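To start, the structure itself, in C-alpha cells.
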Amino acid sequence: TTSLNTINIISWNVRGIQNQIKRKKILVQLKSLRYNITFLQETHLIPKEATKLKQMWVGDMSYSSFSSKSRGTAILIRRNLPLSILSTNNDLDLEGRYSMMEVRLYGIHLLLVNINAPNKDDPQYFSDLSSKIHLFRKNPVSKSHKMIHTLMSEIAVVDTWRLIHPTDHDYSFYSPPHRIDMIMVPNSFTTSIISAFIGYRLLLDHAPISISWSPSVISKTSKCWRLNSSLSNDKEFQTTLLEKKKKKKKNNMKKDQPWYLIWDTLKAFLRRLFISKASYIKK
C-alpha cells in the first residue's frame, strides 16, 4: 500500500516495448516491485500502441511518440497513488524526447518530467528543453554534459543518486565518461530522499534506477536547504570535513574532470555531511 512516508520512483530505458510479450514482462515486473511512479525511455511506441500500454497499466499515463523504431517516453502512475493530474503534454512532443505531467500529490505541486535526451553531443537540445520546462510550468553552453548541469542549475534540481552516493562509481549503462540515466528532484527535496539504487541488467542492457522519497518530510512551504554556518565553527567538524574532502579528491576526482562536475559533486558531498551533522546534534 502507498503511504505518505515513502514514494517509490523508478526510471528505465526499455529499448523498445512495441513487442507485446516484452511489454507485458516489463509491466509485470513494475507491478510486482510496486513502484508508484515510473519513467520509461525508448518506448518505440506510436500513439496507438501507447494507448494500449495505458490500458495494460490500468493507471494514469503521459507519453510522447516518434516512431516504432526509436525514441518515445512514458510516465506511469500507479492507480492507488492519491495524485491529482493538473495537465499533461500527451503526444505534444512529436520528437519523442520528453513527457511532462503537472500534478498535485499530498498537497505538493509537482512537475514530473521524463527526458530521453539525444546520445550525441547536442547542447542546444538542453537549452531548448529548459525553455520548454519553464513554459510548461508557466514560470517566468558549451558541451552537452555541461549544459545538463546548467539546466539542473536553472531549474534547481539535483541528481538523486549522486546525492546519496557522493563517492561511489556505478552506471545503468556503460557510456564513458559519465552516467546517462538520472532521476532528478528539486533542491528542496534533498533531505526527503531516503535511498537511490541502480538495479541489475536482467531483462535489458540498461539497468533501471530507482529512489525512495518521503513527501512527509516536506512542508507545503518548504524552501531550499540552507547551510547552517554555525556548524563550521566546530573545530572537530572542521577537521572531519577537511579529511573527508581530501580523501574524496584523492580517490574519486581526476584532474581532467570538468570543473563544474567537480564542483557539483563536492557540493552534494559537503551538503550531506552538514545535514548528517545537524541531525546528530538534534538527537
Residue match in segment 188-205 (condition: more than 29 Å from PHE39 (Cα to Cα) and at pLDDT 75 or above): no
Strands (runs of 3 or more DSSP E) fully within segment 70-112 counting 2 or more residues that are of a type in the set (Ser, Thr, Tyr) and at negative phi: 83-88, 98-105
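Somewhere in segment 12-20, is a residue part of a strand (DSSP E or B) and either crowded, with 17+ Cβ neighbours inside 10 Å or within 18 Å of the chain's Cα centre (by Cα) (or both)?
Taking segment 12-20 first, the residues part of a strand (DSSP E or B) are 12-13.
Filter once more, keeping what is either crowded, with 17+ Cβ neighbours inside 10 Å or within 18 Å of the chain's Cα centre (by Cα) (or both): 12-13.
Checked against the condition, which is being part of a strand (DSSP E or B) and either crowded, with 17+ Cβ neighbours inside 10 Å or within 18 Å of the chain's Cα centre (by Cα) (or both), segment 12-20 yields at least one hit.
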Selection count, segment 72-112, where residues are closer than 25 Å to ASP128 by Cα, charged (D, E, K, R) and surrounded by fewer than 20 Cβ atoms within 10 Å (Cβ to Cβ): 3
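The values are calculated or read from the model by the stated rules, or taken from the named source; none is laboratory data. Note that this is a predicted model, so its numbers are computed, not measured. Glycine gets a Cβ as well: all are built from the backbone with ideal geometry, and neighbour counts include every protein chain shown.
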